[in-house]
Each structure stands twice: as C-alpha cells, then as structure tokens.
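Reading through the structure tokens given below for one structure.
The values are calculated or read from the model by the stated rules, or taken from the named source; none is laboratory data. The structure presented is a predicted model; accordingly, all values stated were derived computationally and were not measured. So basically every Cβ, Gly included, is an ideal-geometry build from the backbone, and we count neighbours across all protein chains shown.
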Amino acid sequence: MTRRPSLTVALIAGVVSLSACDDHVPTPPPTPITAPTSRVATTSPSSTLPQTVRQLAAARGIVPLATPPQVRPALAKLGQALAFDKILSGNRDIACTTCHLPAFATGDGRSLSIGQGATGLGPARVHPTGVFIPRNAPPLFNLSAMRHLFWDGRVAADAAGNVTTPAGAQLTPAMTRVFEFGPVSALGMFPVTNRFEMRAGSGNELALIADDDFQGIWAALMKRLGAIGEYRGLFEAAYPGTRFDDMTFAHASNAIAGFIVDQFSTRNSPWDRFLAGNDAALTMPQLDGAQTFLTLKCSICHNGATFSDDDFHNVAVAQIGPGEGNGVGLRDDFGRMNVTGLPADQYRFRTSPLRNVELTGPYGHDGAIASLREFIEHYSESDLKLLAFDPTRLEPALRLAFLNNSADVLLQRDTLLTGVVLTDALVDKLMAYMSALTDDAARDLSRSVPVRVPSGLKVDR
C-alpha cells in the first residue's frame with residue numbers, strides 16, 4: 001500500500017503541511033484573557049468551579065469513555081504475539097511494535113518513524129541509507145473509540161459502521177465479518193504491505209508481489225505463519241471451531257486489534273475520576289486549566305470521549321520528511337486529500353485524541369514539534385509560527401527535510417485559528433489540564449511485552 005517511496009534524507013527538502021494532531025487552541029479575547037470566546041454553557045454566580053467545569057464538558061460532549069469491548073484471552077494472546085513478531089515483515093527485521101513501542105507510550109519518540117532495514121529502537125533508531133517513513137507513528141490508546149485511523153483516515157468506519165480501507169474490494173465481506181472491534185480490526189492489514197514500513201523492496205518472497213496485490217501479500221503472510229505449529233495452535237484457540245487453513249490475514253489483523261484494545265484502553269485518568277464525581281481528583285491548577293480549555297476554542301475540535309472530533313483540519317504545522325508523493329518534486333503531503341481526492345481536504349489531517357498526550361510526543365503528523373508546550377504555543381499566531389519554523393531544532397538527519405510550501409498551506413489554514421494569541425499564562429493553564437488526561441497505567445506498559453514470540457525472532461522492548 002505504498003503511496004510512494006520514502007526518500008533518503010539527502011534527497012529531500014522537506015515539507016510544510018499540517019498536523020493531524022489538530023489542537024484548535026483557544027482564541028483569547030483582545031481584552032482580559034479570562035473572558036470566554038465561546039459560550040458553551042452558562043453558570044450562576046453560586047456555581048462551584050467543579051460544577052462549572054462539568055457543565056462546560058457536557059456542553060462540548062466531553063463524556064467518559066465507554067467500556068472497551070471485551071477481548072477473549074486467547075485472542076489477545078495471539079494478537080500480542082503477532083504485534084511483537086518480526087515474522088510479519090518481509091526480511092524479518094521489524095515488528096508492528098518496533099514503531100509502537102510500549103516503552104515510548106506506543107510510539108517511538110521520533111519525529112518520523114524509521115521502518116525496515118534499520119537498527120536500534122526509538123530515538124536511537126537509524127537507517128543505513130537515511131530512509132524515513134513519511135509520517136509520525138501515532139499512539140495506540142483507545143483506538144476502539146475512534147472512527148478514523150491513520151493520519152489521513154484511510155481506514156475508517158462509515159456512517160453505517162462498514163469498514164472502508166485502501167484495499168477496496170480486495171478486503172472482502174468474508175474478511176470484514178471477522179472484524180470484532182471496528183476500524184482498528186483493519187489496522188494491521190496495511191503496514192505489512194508497505195515496502196518501507198515492513199515488506200521491504202527485495203530479499204524475500206513478499207517483496208516479489210505487486211504493490212497493489214493486497215490479497216497476494218496477505219496470503220503469503222498466512223503461509224509463513226502456518227509453517228509454525230505454535231501459531232496454528234494460537235489461531236485455532238483464538239477462533240474456536242475454525243481451522244487455520246480456513247483463515248485469512250483478517251484473522252491476524254483482528255487479533256492484533258484485540259491485543260491493542262485489551263492492553264491500551266485507558267480510562268482512569270484524574271479527569272475520568274473527576275467526571276465520575278470525585279471533585280478532589282483534579283488539582284486546582286488542573287481544574288482551572290480545564291475551565292480554560294473548555295471555554296476557549298480548544299474543545300471545538302478536541303471533544304467527545306477521546307478529545308477528538310474524529311475530523312480533519314489544517315492547523316499549519318511545518319512538515320518535514322519525504323512526503324507522500326504530492327506537489328512539486330513529489331515531496332509534499334496533501335493529507336486527507338490523498339484519500340478523498342477533494343481539493344478542500346488538502347493539508348488536512350485527523351484531530352488527534354488528547355488522552356495520555358503528555359506521553360506521546362513528538363507532535364503532529366510528521367512530529368515537527370517536539371514538546372507538548374511548544375505544540376500548544378504553536379496555535380498562538382500559527383501563521384507566524386509556520387513562517388518562522390526553524391529546522392535546526394530537528395535531529396541532524398532531518399534538518400534538510402523541510403519544504404517551504406507555507407504559502408500554500410496558509411491559504412487553507414483552518415479559519416478557527418485566525419487571530420488566536422495565547423499568553424504564557426494561558427499556555428500554563430492548558431498544560432496543567434493536559435496532565436489531568438494521563439492515566440497512570442499508560443506510564444508503564446511493560447506488562448504488554450511478551451517474553452518470546454513463536455517465530456523465535458528477537459522481541460523489541
């Protein structure tokens with residue numbers, strides 16, 4: 001499913017695009033910054049601050065996360081093995097979790113991920129020829145609550161709940177009937193088909209299959225797995241009554257989804273306890289920050305149980321990296337437009353959910369912004385921030401990977417950002433609130449790492 005080859009850093013001049021981590025940050029009024037710019041609720045003078053915050057949250061549709069789907073233990077066990085097993089990559093050198101490491105809050109701590117053919121983990125990962133994946137590795141928290149996956153939403157559930165993917169009719173109704181968790185069940189179907197992420201360009205039988213032959217790639221992977229007796233047993237235990245030889249890679253992808261849902265659904269942050277009625281769950285700075293967040297523009301896009309409107313926005317974040325084959329020199333990334341074909345979707349990326357956000361940097365679809373504070377600050381005069389973007393803040397290998405297309409990006413910047421100016425005091429308040437969205441269980445995910453995998457290949461930790 002390769003959209004285009006990832007380019008060696010020496011050959012790329014970077015890209016300026018927009019982050020799908022769309023923090024629509026508040027527009028403070030021109031006079032006192034405490035005055036709300038968006039009246040989403042009214043309170044009487046006698047209302048307490050906790051009551052006010054709960055009313056504001058309800059008006060924005062910010063509600064507790066629903067209980068995640070139950071996952072059969074045998075299915076989660078199979079999914080864990082598959083997620084960590086490099087057997088799913090062409091040259092057996094990278095697993096799904098190499099770029100979604102539990103040690104880095106299900107990301108990799110990098111601006112741009114580095115796929116197959118590389119060595120090392122997280123920020124220490126390097127590729128011998130400097131090849132980067134075009135986009136940042138998004139976190140895996142609470143994916144069963146999301147309708148659109150990937151930065152451009154190319155895997156999604158439509159209004160009727162049907163899963164749509166880049167594979168089109170190759171993902172058959174028989175395969176989608178296997179899916180138990182919505183779009184996240186299809187998530188594992190696609191990185192394995194991408195040459196630069198996992199499949200490789202040569203050196204293995206998967207590399208010989210045409211890029212658009214999804215069925216061929218998936219069948220070849222099932223043949224690999226079927227040659228390992230332990231996997232046959234794990235699959236048949238996870239899907240009682242179905243023989244391994246009657247299964248497709250949809251069963252594997254659904255199992256990976258089951259593992260993700262089982263291990264990375266987090267709903268016990270201080271904010272969750274506050275919504276459940278515990279007034280003492282938030283510190284005063286967090287409570288004050290919550291009121292700020294909810295009375296300004298932040299919650300227009302960051303709402304719902306996940307703090308994402310599950311929509312797409314252009315928020316003028318500078319893009320770096322090889323791009324997705326768009327624009328001059330094929331070095332740009334048009335984001336959602338690559339999925340829909342609509343010019344209005346150019347440079348739009350999915351609004352990222354904010355749960356555990358303090359753990360999941362760098363930020364934006366290409367990780368151009370390293371710290372959460374800087375990402376919030378970006379929304380203050382974001383047009384000027386984009387025009388002044390300094391690539392020397394990036395790791396040396398990415399400093400040349402910057403394409404100055406800011407004029408095109410700003411033509412379609414989301415109008416919600418017009419006139420936004422944030423003071424340091426406002427940023428402090430928003431930072432305090434972000435800390436209330438972290439579930440302590442997300443701080444240490446080592447429990448999710450298996451001791452071994454059936455292939456016997458090394459497990460990345």
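Just the residues that are part of a loop (DSSP other than H, G, I, E, B) and out of contact with any Ser or Thr (no Cβ under 9 Å at 6 or more places or on another chain), please, taken from the range 68-87.
70, 71, 72
Scan 406, 435 and give me the residue that is surrounded by fewer than 21 Cβ atoms within 10 Å (Cβ to Cβ), in the same structural domain as residue 324 (by TED's automatic domain parsing) and within 30 Å of residue 329 (Cα to Cα).
Only one candidate qualifies: 406.
Report, by residue number, each residue of the range 294-332 that is in a loop (DSSP other than H, G, I, E, B) and under 23 Å from residue 143 (Cα atoms).
302, 303, 304, 305, 306, 307, 308, 309, 310, 311, 314, 315
Could you say whether any residue in the range 343-359 is among the small types (Gly, Ala, Ser) and closer than 22 Å to residue 60 by Cα?
Yes, the range 343-359 has at least one match.
May I ask you to list pairs of residues, at least six apart or on different chains, whose Cβ atoms are under 7 Å apart, with the first in the range 142-155 being in contact (Cβ under 8 Å) with a residue 12 or more places away in the chain and of a type in the set (Asp, Glu) and the second being assigned to a helix (DSSP H, G or I) and surrounded by fewer than 22 Cβ atoms within 10 Å (Cβ to Cβ)?
Once the first residue is in contact (Cβ under 8 Å) with a residue 12 or more places away in the chain and of a type in the set (Asp, Glu) and sits in the range 142-155, its partners that are assigned to a helix (DSSP H, G or I) and surrounded by fewer than 22 Cβ atoms within 10 Å (Cβ to Cβ) give 152/338; 152/339.
Can you spot a residue in the range 189-203 that is free of Cβ contacts under 8 Å to residues at least 60 places away in the same chain, hydrophobic (A, V, I, L, M, F, W, C) and not in a loop (DSSP other than H, G, I, E, B)?
No, the range 189-203 contains no residue that is free of Cβ contacts under 8 Å to residues at least 60 places away in the same chain, hydrophobic (A, V, I, L, M, F, W, C) and not in a loop (DSSP other than H, G, I, E, B).
Exactly one of these conditions fails for residue 276: (1) surrounded by fewer than 24 Cβ atoms within 10 Å (Cβ to Cβ); (2) more than 26 Å from residue 142 (Cα to Cα); (3) not aromatic (Phe, Trp, Tyr). Give me its number.
(2)
Among the hydroxyl-bearing types (Ser, Thr, Tyr) and touching a Gly at 6+ places or on another chain (Cβ under 7 Å) - does that describe any residue in the range 106-129?
yes
Please specify each residue of the range 103-115 satisfying the condition of being in contact with a Ser or Thr (Cβ under 8 Å, 6 or more places away or on another chain) and buried (at least 21 other Cβ atoms within 10 Å of the Cβ).
105, 106, 107, 108, 115
Within 29 Å of residue 266 (Cβ to Cβ), basic (Lys, Arg) and surrounded by fewer than 22 Cβ atoms within 10 Å (Cβ to Cβ): does that describe residue 399?
Against the criterion (within 29 Å of residue 266 (Cβ to Cβ), basic (Lys, Arg) and surrounded by fewer than 22 Cβ atoms within 10 Å (Cβ to Cβ)), residue 399 does not qualify.
Quickly run through the range 335-346 and pick out the residues that are part of a loop (DSSP other than H, G, I, E, B) and out of contact with any helix residue (DSSP H, G or I) (no Cβ under 8 Å at 6 or more places or on another chain).
Those that are part of a loop (DSSP other than H, G, I, E, B) and out of contact with any helix residue (DSSP H, G or I) (no Cβ under 8 Å at 6 or more places or on another chain): 341, 342.
Determine which single condition residue 441 fails, assuming it passes every other condition in (1) over 24 Å from the mean Cα position of the chain (by Cα); (2) within 23 Å of residue 103 (Cα to Cα).
All conditions are met except number (1).
Considering only residues of the range 351-381 that are surrounded by 24 or more Cβ atoms within 10 Å (Cβ to Cβ) and among the hydroxyl-bearing types (Ser, Thr, Tyr), which is nearest to residue 269 (Cα to Cα)?
The selected residue is 360.
Kindly indicate whether any position in the range 444-460 is in contact (Cβ under 8 Å) with a residue 40 or more places away in the chain, among the acidic types (Asp, Glu), in a loop (DSSP other than H, G, I, E, B) and assigned by TED's automatic domain parsing to the domain that holds residue 376.
No, the range 444-460 contains no residue that is in contact (Cβ under 8 Å) with a residue 40 or more places away in the chain, among the acidic types (Asp, Glu), in a loop (DSSP other than H, G, I, E, B) and assigned by TED's automatic domain parsing to the domain that holds residue 376.
Residues of the range 77-101 being more than 20 Å from the chain's Cα centre (by Cα) and either closer than 18 Å to residue 200 by Cβ or not assigned by TED's automatic domain parsing to the domain that holds residue 181 (or both), which ones?
Passing the criteria: 85, 86, 87, 88, 89, 90, 91, 92, 93.
From the set of residues in the range 87-99 that are surrounded by fewer than 23 Cβ atoms within 10 Å (Cβ to Cβ) and not hydrophobic (A, V, I, L, M, F, W, C), which is nearest to residue 252 (Cα to Cα)?
Only one residue tops the list, namely 92.
Only one of these conditions is not met by residue 118: (1) out of contact with any His (no Cβ under 9 Å at 6 or more places or on another chain); (2) surrounded by fewer than 24 Cβ atoms within 10 Å (Cβ to Cβ); (3) of a type in the set (A, V, I, L, M). Which number is it?
(1) is the only condition that residue 118 fails.
I'm told residue 51 meets every condition in (1) crowded, with 18+ Cβ neighbours inside 10 Å; (2) at pLDDT 95 or above; (3) assigned by TED's automatic domain parsing to the domain that holds residue 367 except one. Can you identify the failing condition by its number?
Here residue 51 clears every test but (1).
Being assigned to a helix (DSSP H, G or I), out of contact with any His (no Cβ under 7 Å at 6 or more places or on another chain) and either surrounded by 14 or more Cβ atoms within 10 Å (Cβ to Cβ) or of a type in the set (A, V, I, L, M) (or both) is the filter here; which residues of the range 234-252 pass it?
Listed by number, the residues that qualify are 234, 236, 237, 238, 244, 249, 250, 251, 252.
For the range 127-168, which positions are out of contact with any helix residue (DSSP H, G or I) (no Cβ under 8 Å at 6 or more places or on another chain) and not in a loop (DSSP other than H, G, I, E, B)?
Residues satisfying the conditions are 145, 164, 168.
Among the candidates 109, 90, single out the residue that is of a type in the set (Gly, Ala, Ser), in contact with a Pro (Cβ under 6 Å, 6 or more places away or on another chain), over 30 Å from residue 342 (Cβ atoms) and assigned to a loop (DSSP other than H, G, I, E, B).
None of the other options fit; the residue is 109.
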